[in-house]
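Only one structure is covered here, and it is reproduced in the block below.
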C-alpha cells in the first residue's frame, strides 16, 4: 500500500551543493597586531555583558587565540608593531613581566575591594556606636 503523500525523488548520485572545499583549500587567516588588540577589547567588552562565547563564534576565533593574544598584549609585544611585522614567542623575561603584570592587576583589584569593605565596616561601626549612645541617653519609660 502506498501513501499519496510520498514524493518520488530522483537519485542521480550527484550532490546538488558544492562540498565544503569546492573552491579549493582556503588560506589561513592572519591578524595584524592592531586587529588582535581590537578583538581583545571587543571580547573583554562582550564578557562584561555575558556574551564572550557568542563573540568568539561570530568572529570565528578560538579562546586559545584570545589567551595567546592576551599574553602578547600583557608583555607589550603587540604595541607598536606594524602590519607585517613578525611577532615571535615571548622571551622568558617578557613572559615573566606579563605574569607579574597580571598578578599586579589582580592584587590591585583585591586591594580596592578590601578598601571598600573597610570603609563600609567603619561606617557600620560608627552607626552602631551612635545607636548605642542614643539608647543609653534615652530614659526608660515608666508607667505613672
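The values are calculated or read from the model by the stated rules, or taken from the named source; none is laboratory data. Everything numeric in this text was worked out from a predicted model, so none of it was measured. Please note: Cβ atoms are built from the backbone with ideal geometry, for glycine as well, and neighbour counts cover all protein chains shown.
The set of residues in segment 28-60 that are farther than 27 Å from residue 96 by Cβ and touching a helix residue (DSSP H, G or I) at 6+ places or on another chain (Cβ under 8 Å) comprises 42, 46, 52, 54, 55, 56, 59.
Among all positions in segment 52-74, there is no residue which is more than 27 Å from residue 104 (Cβ to Cβ) and modelled with pLDDT under 85. Is it true that some residue in segment 90-103 is at pLDDT below 85, assigned to a loop (DSSP other than H, G, I, E, B) and closer than 23 Å to residue 38 by Cα? Scanning segment 90-103 turns up at least one residue that is at pLDDT below 85, assigned to a loop (DSSP other than H, G, I, E, B) and closer than 23 Å to residue 38 by Cα.
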